[in-house]
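Below you'll find the structure, written out as structure tokens, and then a few comments.
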Amino acid sequence: MGLKRVWQGVLKGAEKAAQRIPAVQKRLEAEYAQVEQMVRSKMRPKLESLPDFPQLPEQGVPREQILSWLQQLREQETPPWKQGRVSGTVYHGGEEHSAFLSQVYALHAQSNPLHADLFPSTIKFEAEIVRMTASLLHAPATDDPTQQVVGTTTSGGTESILLAMKTYRDWAHAEKGITEPEVVAPETAHPAFDKAAHLFCIKLIRTPVGDDFKANLEAMHKAITRQTIALVGSAPGYPHGVIDPIPQIAQLAKQYGIGMHVDACLGGFILPFIEMAGYPVTPWDFRVDGVTSISVDPHKYGYTPKGLSVVLYRGRNLRRYQYFTATEWQGGLYASPTLPGSRPGALSVAGWAAMVSIGKQGYLECARQIMETAKQIRKGIEQMPELKLMGEPLFLIAFTSAQEQLNIYQVLDQLAARGWRLNALQRPPGVHFAVTIRHAQPGVAEAFLSDLRDAVDYVKAHPDEKGEMAPIYGMANSLPFRGVIDEVLRRYLDALYD
Ligand SMILES: Cc1ncc(COP(=O)(O)O)c(C=O)c1O
């Protein structure tokens, strides 16, 4: 047993013992109540005329009434992202684009690609989303089935990652006899890999990253065992927007005859255009020998409606391990390519329409504007001596405090008080801003930098002020007892549904 595991065991034991002490229990309940209160006060629609529906109304509510509620809610909820005050989240959000997608969606609202015979057009659109995406990611033009890049559409980045991991598990079991599969991923890789490991009984080995937040190759190499089925790299990782050394990781994977998954959920639809715009980009796509699968999300920088991702494999054989079939069911023969059964065909149609209507030149122009804005924000942050950048940013800018006494989470809270929604990072503490086309609107970058300056000054002048997220993230960063943090998160989820 490694030292780390022994230490984790000791901590868990200490945590359980501590939780039996009444004073500790009382204190924890107070912390949990604070989270629940935050959800209740912040994450409930504020519309007096909208009643709660704990059960079905006896008589249906008139459609005009429902539309009126929804319109009012939309007006309440739209301004922060529309004005470019939110990191990532709504990646396009242009009015004409959104109206067009809604029009397309309405045309296919009833379609379900599970029934390919009834909805053949949605099948064409799904297949073309996969092909257009593969081509963008430099899939080789070849008749060799072992080199052809194939894939499927999925409901989002998480599903694409889940499927890739399940595929490697089943491939390694069938072709290499591996029964206790392991995957090696840098600690910056998305939690969807933990979810996959949890669901599919894979052991996920997290390896450290360097000071530049890139995967540490030596650590990854050391973590490979006879049970390893795949290595993971991100292009870029969500926390710091940094691209891992994909060519070197892929080389390692090739050397051991295992899979190499690139998580390009965030970057897959913008990095190709950043490269076309002339910026240097670490190679990460199918041009890299040894890369065997990629997850990429059109529903982020591909500007499609939410609910669309693509998982791609090098080699037709690999994709077959993703499929599910049932031959003995009394309800008939059953085959599905991804996790769900029924799928919303309208999402694929609207996704296809988004991609075809924007085209290469449209994506290129967006990437240019995003990079210009990101450069401006990066420069502004570099000029603030209290802050420092984390890693080498492209379109996602992570930063932290350059001075011990400045709490970056208090800065985050102060930005929130000024109407900005950025994302908190932990271990080490930080904040990130995923720049989108919404931030390229005139004046947004300037307003952000000015509010950031004010937020930093405010925190310097009020270092002891308790904010909203600062105490929670402060606790999450410093507390060795992870079970408490886990309980906070579960209470948060409970509160969302209560
Ligand atoms: C790098 C990366 N991978 C995976 C995901 C998961 O994507 P989704 O939220 O669509 O499931 C994200 C989401 O932000 C991401 O940034």
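A short reminder: the numbers here are calculations on the coordinates, not readings from a lab. Computed from a predicted structure; not experimentally measured. Methodologically, a virtual Cβ is constructed for each residue, glycine included, from the backbone with ideal geometry; neighbour enumeration extends over all protein chains shown.
Things to note:
- Fully extending the segment from T89 to L56 would add 8.7 nm, taking 0.36 nm per residue of separation and subtracting the current Cα-Cα distance.
- For the range 83-236, the relative contact order works out to 17 percent when only alpha carbon pairs closer than 8 Å and six or more residues apart are counted.
- Greater than 24 Å apart at Cα, pairs in K124/K166; K82/K306; K82/K300; K12/K388: K124/K166; K12/K388
- Debye, to nearest 20: dipole size of the range 120-355, +1 on Lys, Arg Cβ, -1 on Asp, Glu Cβ: 340 debye
- Between the residues S348, I358, I377, the greatest Cα displacement towards the positive end of the dipole of the range 339-387, with unit charges on the Cβ of Lys, Arg, Asp and Glu, is found for S348.
- Whether the range 398-472 is rounded, prolate or oblate, judged on the alpha carbon gyration tensor where a/c under 1.5 counts as rounded: prolate
- Here the translational diffusion coefficient of the range 94-248 follows from Stokes-Einstein with Rh set to the Kirkwood radius across Cα pairs; for 4 °C and 1.567 mPa s it amounts to 71 µm²/s.
- Simple point charges give the picture: +1 on the Cβ of Lys and Arg, -1 on the Cβ of Asp and Glu, and for the chain a dipole about the Cα centre of about 800 debye.
- Between W329 and L496, the contour length at 0.36 nm per residue exceeds the alpha carbon distance by 56.4 nm.
- By the rule of a C-alpha distance below 17 Å, with chain neighbours fewer than 8 residues away ignored, the lysines paired with K26 are K16.
- Whether the range 287-327 is rounded, prolate or oblate, judged on the alpha carbon gyration tensor where a/c under 1.5 counts as rounded: oblate
- For the chain, the gyration tensor built on C-alpha atoms gives a rounded shape. Its axis ratio a/c (a ≥ b ≥ c) stays under 1.5.
- Considering only Cα atoms, the convex hull volume of the range 120-355 works out to 128 Å³ per residue.
- For a straight C-alpha distance cut-off of 18 angstrom, the aspartates and glutamates reachable from K254 (same-chain residues fewer than eight places away being disregarded) are E175, E182, E218, D244, D263, D285, D289.
- Virtual spin-label span in nm between Q426 and Q19, 7 Å along Cα→Cβ: 1.5 nm
- A full extension of the chain between E446 and Q251 corresponds to an added length of 65.9 nm, given 0.36 nm per residue minus the alpha carbon distance.
- In the chain, helices alone account for a calculated mean residue ellipticity at 222 nm of -15500 deg cm²/dmol, with every DSSP H run of four or more residues adding -39,500 (n - 2.57).
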